[in-house]
Amino acid sequence: MKKLGKKLMAGILAAAIILASAASVPVQTAKAYTVPSNMKWWADGKFGMFIHFGAYSQYGQGEWAMSEQEISKKKYQTEIAAKFNPTAFNAGEIAKYAKKAGMKYVVITAKHHEGFSMWDTKVESFKDYTGKKSFSLQGFTPFGSTGRDVLKELKDACNKEGLKFGLYYSIVDWNHSSQTLGGTLSSKMTSMDARTNYIKDMKAQLQELVSLYDPAVMWFDGDWSYSKKKPTLEKWWTKADGQDLYKYMKSISPKIIVNERVCRSFGLGDFECPERSIPEKGSVPKRAWETCQSMNDAWGYKKSSEKSYVSTGSIIRDLALVASEGGNYLLNIGPKGNGQMTAGSKKILNGVSKWMKKNCVSIYGVSASPFKKDPSWGTYTRKGKTLYAHVYRWPKKGKLVMKRYGKKKIKNITVMGKSKKLKYTVKGSKVTVNVPKNAPDKKDTVLVVKYR
Ligand code: H79
């Protein structure tokens, strides 16, 4: 009895120490999680292109305009969607930009919240407000007469460049007759029967998309009006619907990768998707995840934001940071209504290309940083016994201090792409590297630290 008591005390003490240290020190970042074999290309690839393209691109006020500006269905359809005519859409150019930037996959909006189908859907109920025309790129716009299929064009261009192809699909649908656009970004079902029929038709559309384009990723969104158990007209989506949708996708396409937004926050789907945010080291999801990010304050083309893109450097550093935490990065472009890529997005992609050309080995197939905390100057990624030190803030005095990787011995340290071996000293767990006076790459210089 006494012995047991002692053990128990020791256990409690140990637990208390662990708890106390957990409170003060960030916990180990992204433990290596394993992914199923169908996700390996995705997890290793790390970097993809998101494309927001739809009738909203024509309006040029972001993809939420219909909800934000309370535009009626009729007005949205006749004054915006009916003018959408993306004759300058150039899938080959987009795929080339993605490939050059080092991206491994592309995810384009097949249907966003506005309910406009970017393909020639045959599912009856996705009609315009008169109930006569299909509310789709082919059925509703002047572009229809070209006989073109932009999703197919992009899929083919991706195949040509060796990129995987994925589709985005919004569960909420502001134009479908089953729903009325209620509060901000959310819709209300007109009846429970309408709900049942809409879900049936949504599945029919997804079947169409799988048959036509065989997407490698299905990226759901617009799932936020959910109730945990019984659906209501306002909260008409449920966790059970999300589980069912996930199962359905796998049944029609066994290898497909599906995000958590079949119904978010229940741990469903194959990966989590922090939107516009990168988890803090220490609170990284314990499973596959992908941060999606846009280059300005909108996803769909927004004229007024064309002059306020973030910097190329911040995109590169975010990509490295995400990789250092074991995540993926999905970077968005929002082409104009005529289909052209914006100058701002091209500029950033060109900058990323330049950096990736030299540094991509520090991104592809890497594991998370072995350290619990990031150094003041940047972050690390790791491949086997090689650490890649991503230095964002270059030291002023030509000396960079880094942490030793366990008790391992260093083989050599170089600047990525250079053969010159840098001098360094090791003292305990501290490695001091003599680095060039000026940063070789102001955006993110990668030092390759090889351990034995
Ligand atoms: O497609 C892009 C955006 O249009 C879409 N996701 C990216 C990838 C997106 N739509 N809405 N949002 C992102 C913001 C969501 C805001 C929310 Fe809410 C806050 C959802 C739940 C809380 C307010 C209340 C809006 C809906 C309910």
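Points worth noting:
- Residue tally, condition more than 16 Å from the ligand (Cβ to nearest atom) and touching a residue at least 40 places away in the same chain (Cβ under 8 Å), over the stretch 289-325: 12
- Every listed requirement among (1) in contact (Cβ under 8 Å) with a residue 40 or more places away in the chain; (2) more than 14 Å from the ligand (Cβ to nearest atom); (3) over 24 Å from ILE315 (Cα atoms); (4) open to solvent by 20 Å² or more (accessible area, probe 1.4 Å) is met by ILE257 save one, (4).
- Residue match in the stretch 165-174 (condition: crowded, with 22+ Cβ neighbours inside 10 Å, within 16 Å of the ligand (Cβ to nearest atom), more than 20 Å from the chain's Cα centre (by Cα) and over 22 Å from PHE53 (Cβ atoms)): no
- Residue in the stretch 199-218 that is acidic (Asp, Glu), within 16 Å of the ligand (Cβ to nearest atom) and touching a strand residue (DSSP E or B) at 6+ places or on another chain (Cβ under 9 Å) present: no
- All conditions but one from (1) within 13 Å of the ligand (Cβ to nearest atom); (2) in a helix (DSSP H, G or I) apply to LYS96; the one that does not is (1).
- Boolean, PHE143 is more than 23 Å from ARG261 (Cα to Cα) and open to solvent by less than 10 Å² (accessible area, probe 1.4 Å): yes
- Any hit, the stretch 34-46, residues being more than 30 Å from ASN296 (Cβ to Cβ), at pLDDT 95 or above and either within 16 Å of the ligand (Cβ to nearest atom) or open to solvent by 40 Å² or more (accessible area, probe 1.4 Å) (or both): yes
- Where LEU349 falls short, out of the listed (1) within 30 Å of ILE51 (Cα to Cα); (2) open to solvent by 40 Å² or more (accessible area, probe 1.4 Å); (3) touching a residue at least 12 places away in the same chain (Cβ under 8 Å): (2)
- Taking the stretch 267-283 as the range and being within 11 Å of the ligand (Cβ to nearest atom) and not in a loop (DSSP other than H, G, I, E, B) as the test, only GLU275 passes.
- Sole residue being outside any strand (DSSP E or B), at pLDDT below 95 and polar (S, T, N, Q), chosen from THR87, THR78, THR29: THR29
- Condition met for LYS132 (open to solvent by 10 Å² or more (accessible area, probe 1.4 Å) and either among the hydrophobic types (A, V, I, L, M, F, W, C) or out of contact with any helix residue (DSSP H, G or I) (no Cβ under 8 Å at 6 or more places or on another chain) (or both)): yes
- Hey, LYS286 more than 16 Å from the ligand (Cβ to nearest atom) and not acidic (Asp, Glu) or not: yes
- Check on LYS229, open to solvent by 10 Å² or more (accessible area, probe 1.4 Å) and either of a type in the set (Gly, Ala, Ser) or closer than 21 Å to LEU181 by Cα (or both): no
- Residue within the stretch 111-119 that is away from the ligand (no atom under 16 Å from the Cβ), in contact with a helix residue (DSSP H, G or I) (Cβ under 9 Å, 6 or more places away or on another chain) and among the aromatic types (Phe, Trp, Tyr) present: yes
- Where strands (runs of 3 or more DSSP E) fall entirely within the stretch 330-433, none has at least 2 residues that are at pLDDT below 95.
- Any pair with Cβ under 6 angstrom, 6 or more apart, that starts in the stretch 109-121 at a residue that is without any contact (Cβ under 8 Å) to a residue 60 or more places away in the chain and ends at one that is open to solvent by 10 Å² or more (accessible area, probe 1.4 Å) and away from the ligand (no atom under 13 Å from the Cβ): ASP120/GLN138
- Only a single criterion out of (1) open to solvent by less than 50 Å² (accessible area, probe 1.4 Å); (2) modelled with pLDDT of 95 or more; (3) within 16 Å of the ligand (Cβ to nearest atom); (4) closer than 27 Å to CYS292 by Cα is not satisfied by LYS239, namely (1).
Residue by residue, here is whether (1) of a type in the set (D, E, K, R); (2) at pLDDT 95 or above; (3) crowded, with 21+ Cβ neighbours inside 10 Å holds:
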residue	(1), (2), (3)
GLU153	yes, yes, no
GLU161	yes, yes, no
HIS176	no, yes, yes
THR184	no, no, no
LYS188	yes, yes, no
ARG195	yes, yes, no
VAL210	no, yes, no
PRO215	no, yes, yes
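- Top-ranked residue in the stretch 59-75 [being in a helix (DSSP H, G or I) and either away from the ligand (no atom under 16 Å from the Cβ) or of a type outside the set (A, V, I, L, M, F, W, C) (or both); ranked as least open to solvent (accessible area, probe 1.4 Å)]: SER67
- Verdict on GLY334 being open to solvent by 10 Å² or more (accessible area, probe 1.4 Å), touching a helix residue (DSSP H, G or I) at 6+ places or on another chain (Cβ under 9 Å), away from the ligand (no atom under 15 Å from the Cβ) and touching a residue at least 60 places away in the same chain (Cβ under 8 Å): no
- Strands (runs of 3 or more DSSP E) contained in the stretch 120-232 and holding at least 1 residues hydroxyl-bearing (Ser, Thr, Tyr): 164-170, 179-181, 187-189
The values are calculated or read from the model by the stated rules, or taken from the named source; none is laboratory data. Please read all numbers here as calculations on a predicted model, not as lab measurements. Heads up, the Cβs are rebuilt from the backbone with ideal geometry, glycines too, and the neighbour counts pull from every protein chain shown. Remember, those area values only see protein heavy atoms, side chains included, never the ligands or the DNA or RNA. Shrake-Rupley method; radii C 1.70, N 1.55, O 1.52, S 1.80 Å.
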